[in-house]
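Contents: one structure, followed by commentary.
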Amino acid sequence: MSYAMKAPARYSQGPGELDQLGRAAKKLGEKFLVICSTNNQARFGRRVETSLTEQGKEVLFTPFHGEATKAEVFEKMDLCKENGCDVVVGMGGGKALDTAKAVAENLGLPCVILPTVASNDAPCSGVAVLYNEAGVVVKAVLMRRNPDLVLVDTDIIANAPVRLFAAGLGDALSTWFEARACKKSGARTMARGNVSNTGLMMARLCYDILMEKGRAALEAVKAHQVTPELEDVVEASIYLSGLGFENGGLAAAHAVNDGFAQAPQAHGMYHGEKVAFGTLVQLVLEGSVAEELGPVLAFLKDTGLPMTLAQLGMDQPDRDILKKVAEAACVPTQSTKNLRADITADQVLEAILEADRIGRDYLGR
């Protein structure tokens, strides 16, 4: 048995932090390729350019087209090489960031990550998830190293859409339960080692912060305010969850999320929303008692996260489609096996239906 840990070289968080980009990144290179949507360039591009040019750096913006596909990655790689860029910057949500990480990994260049939402735990990880044009996961690129700099401006996070912030809470919620399962089963993590006590501790701290301060942080986002609770929960959703899943491991919650790619009705849901329901499914598979389910159900309800299939867009669930979801969650490459090696697709299907029943009962529907 061996333990392994991965983390970004530097993580920086606070209000107005985007304006410190130039100072934080000045030793990484001279010409920065910034991958972001046209909307984010319009909103934050001037601040990025000003901060970098004040340090004598060159900046080239390139539009992210919405999906982290291989074609998008190759296009940005070509642009980077043609223009002599030596640092890759990703700014935006998870898919823009994963595109930048994949480009940097393939070219062997430093990577800077600027999340504009706290919707998932992608920013800190050394994993870049790629999709096809239909939005179905096709590959997870395991990077040789994590980003060189992750810079989180909490003023920007506080003014991002509330639903996206809540989705980040859902993604982070799974961290403790999946890490705990991997520790128990002896599964290896994306850091290519077994779960260390440090990884497990970060996952547990993530959960504790969510339970204590997640609701208040959500209210802060609704009010567009940076509060101490928001700062703590952003740290949990982005940093602790990112390190927690990579060093603590994934289990059924994320596998069920991936499985919902087989359900067209759920395609409008965010990653963290599907993971939230997947966490409930995993707890059912583990036979969790009411004392453990209660706080999770209360958190899902209070934050508006899905705890029923109807809330995932499946008002009239089709058992055949749900069977495909369960089967996709149990393929050999999926992480359901990290919960227990002998779990079958039929057991996952029944757990999905039971999680839905528990959620409906809790909501009185």
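The values are calculated or read from the model by the stated rules, or taken from the named source; none is laboratory data. Worth saying up front: this structure is predicted, and the values here are computed from it rather than measured. Note: ideal-geometry Cβ built from the backbone for every residue, glycine included; neighbour counts use all protein chains shown. Only protein heavy atoms, including side chains, enter the accessible area calculation; ligands, DNA and RNA are left aside. Shrake-Rupley method; radii C 1.70, N 1.55, O 1.52, S 1.80 Å.
Some notes on this structure:
- Potential lengthening between ARG47 and THR333 on full extension [0.36 nm per residue; Cα-Cα distance subtracted]: 98.8 nm
- Projecting the Cα atoms of TYR362, ALA276, GLY313 onto the charge dipole of the chain (Cβ charges, centred on the Cα centre) puts ALA276 farthest toward the positive pole.
- Only helices reaching 30 angstrom along their own axis (Cα) with mean Kyte-Doolittle hydropathy no lower than 0.0 count here, and for the DSSP H runs of the chain these are 162-185, 197-222.
- Computed over the chain, the per-residue total of -39500 (n - 2.57) for DSSP H runs of n ≥ 4 gives a 222 nm mean residue ellipticity of -16000 deg cm²/dmol, rounded to 500.
- nm² value of the averaged projected area, convex hull over the Cα atoms of the chain: 16.7 nm²
- Overall, the accessible surface of the stretch 179-241 at a probe of 1.4 angstrom is composed of carbon and sulfur to the extent of 51 percent.
- Beta-bridge orientation, the chain: approximately 20 percent antiparallel, per DSSP, counting only bridges with both partners inside.
- Residue ranges 13-25, 168-180 sort as 168-180, 13-25 when ordered by packing (mean number of other C-beta atoms within 10 Å per residue, highest first).
- Positive minus negative residues near ALA263 (Lys, Arg vs Asp, Glu; Cβ under 14 Å): -3
- Order by protection proxy (mean Cβ within 10 Å, highest first), peptides 114-120, 342-348, 29-35, 193-199: 114-120, 29-35, 193-199, 342-348
- Accessible area (Å², per residue) of the stretch 1-79, counting only protein heavy atoms and a probe of 1.4 Å: 53 Å²
- Options ALA217, VAL331, ALA102, ranked by Cα towards positive dipole end of the chain, top entry (Cβ charges): ALA102
- The dipole here belongs to the stretch 215-258: it is taken about the Cα centre, uses +1 on the Cβ of Lys and Arg and -1 on the Cβ of Asp and Glu, and is about 140 debye.
- The simple spin-label model puts a point 7 Å past each Cα toward its Cβ; for THR198 and GLU30 those points are separated by 3.5 nm.
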